[in-house]
Amino acid sequence: HLYDPVLARFPPFSGPEMLEFRFNLANIAEMRVYNAGVRILREGDEAESMLIFAAGKAKLYSQQFQFAWDIEQGWWLGKAVLFVDSHSQRVATCIALVSCVVLSLSKQAFTHEVKRFHHQGWLNEQKRLWKENHTLGCQGCLETDHTFKDCPGIKEEAERNYSSMEFNADGSIA
C-alpha cells in the first residue's frame, strides 16, 4: 500500500507480522488534505483520532509543554487515542506550513480492525507498555524510551523555537 512506509514508522505497527494489519489501517483511515495556514489540531481539544502525516510540513507547538517543531511525512500525533482507555486531549497545536496529507485513524475504526485481526493480545500488550511509561515511540529517533518533546536530538532546539514565537491572545501564532 502507498502509505505502508509511513504507518510502519510507528513502532507498534512496524513489524513484518503487522503488514496486512497496516494495509487495512491505511485503507480505513480517512485521508485529509490541509492547505498551508490551516489549523490541523488545537491544544486542549478532545482527541478523537490518531493522525499520521503522509505528506507535507506543519508547525507543531505546545504552550503547556513549551516546545515548537516542524513536522513532516512519517510523524504521528495522538497515539494515546488508540492506546489509552480514557479520553485524551490534544497536547499541542498543529498548523500546516504547506499543503499536508494526513491519515486520520479513529479509535472506533482501529478497534474494529484489532478485533477483525484478532490482535487483542497485541493491543493489551501496547496498553500495558503505555501504563509502564513506555512511550510507544519518538517520531524523531524512533526510540521507545521518550517522546519527541524529550528527545535528546530535538528537545533543546524545540524549546528555543518556542521561546522565539509570539502568540495572539487566543493562543494562535502572531
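Structure data summary
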| quantity | calculated |
| --- | --- |
| Cα-based helix-to-principal-axis angle, 120-131 vs the chain, degrees rounded to 10 | 30 |
| Region 57-146: radius of gyration over Cα atoms, expressed as a fraction of 2.2 N^0.38 Å | 1.19 |
| Length-normalised contact order for region 58-134 - Cα pairs under 8 Å, 6+ apart - percent | 32 |
| Potential extension, residue 120-residue 99 segment - 0.36 nm per residue separation minus Cα distance | 4.0 nm |
| Stokes-Einstein diffusion coefficient of the chain, Kirkwood radius over Cα pairs, 25 °C, 0.890 mPa s, in µm²/s | 148 |
| Close Lys-Lys pairs in region 112-174, where close means Cα under 22 Å and separation is 8 or more or interchain | 4 |
| FRET efficiency, 1/(1 + (r/R0)^6) with R0 22 Å, evaluated for residue 169 and residue 87 via beta carbons | 0.20 |
| Unit charges on C-beta of K, R, D, E only; dipole of the chain, Debye | 280 |
| For region 78-92 and region 1-58, distance of Cα centres in Å | 14 |
| Stretchable slack from residue 30 to residue 156, in nm (0.36 nm times residue separation minus alpha-carbon distance) | 42.0 nm |
| Calculated FRET efficiency for the pair residue 2/residue 108, C-beta based, R₀ 30 Å, to 0.05 | 0.80 |
| The chain - mean residue ellipticity at 222 nm from DSSP helices (-39,500 (n - 2.57) per run, n ≥ 4, rounded to 500) | -8000 deg cm²/dmol |
| Positive-end extreme of charge dipole, the chain - chosen from 18, 112, 51 (charges on Cβ) | 112 |
| Cα gyration tensor shape for region 100-149, rounded if a/c is under 1.5, else prolate or oblate | oblate |
| Fully extended contour minus Cα-Cα distance, from residue 141 to residue 17, at 0.36 nm per residue | 42.4 nm |
| Accessible surface ranking that places the most exposed of 119, 134 first, with a 1.4 angstrom probe | 134, 119 |
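The values are calculated or read from the model by the stated rules, or taken from the named source; none is laboratory data. Here the structure is a predicted model, which means the values were calculated and not measured. Positions of Cβ are backbone-derived with ideal geometry, glycine not excepted, and every protein chain shown enters the neighbour counts. Side chains included, ligands, DNA and RNA excluded: accessible areas come from the protein's heavy atoms. Shrake-Rupley method; radii C 1.70, N 1.55, O 1.52, S 1.80 Å.
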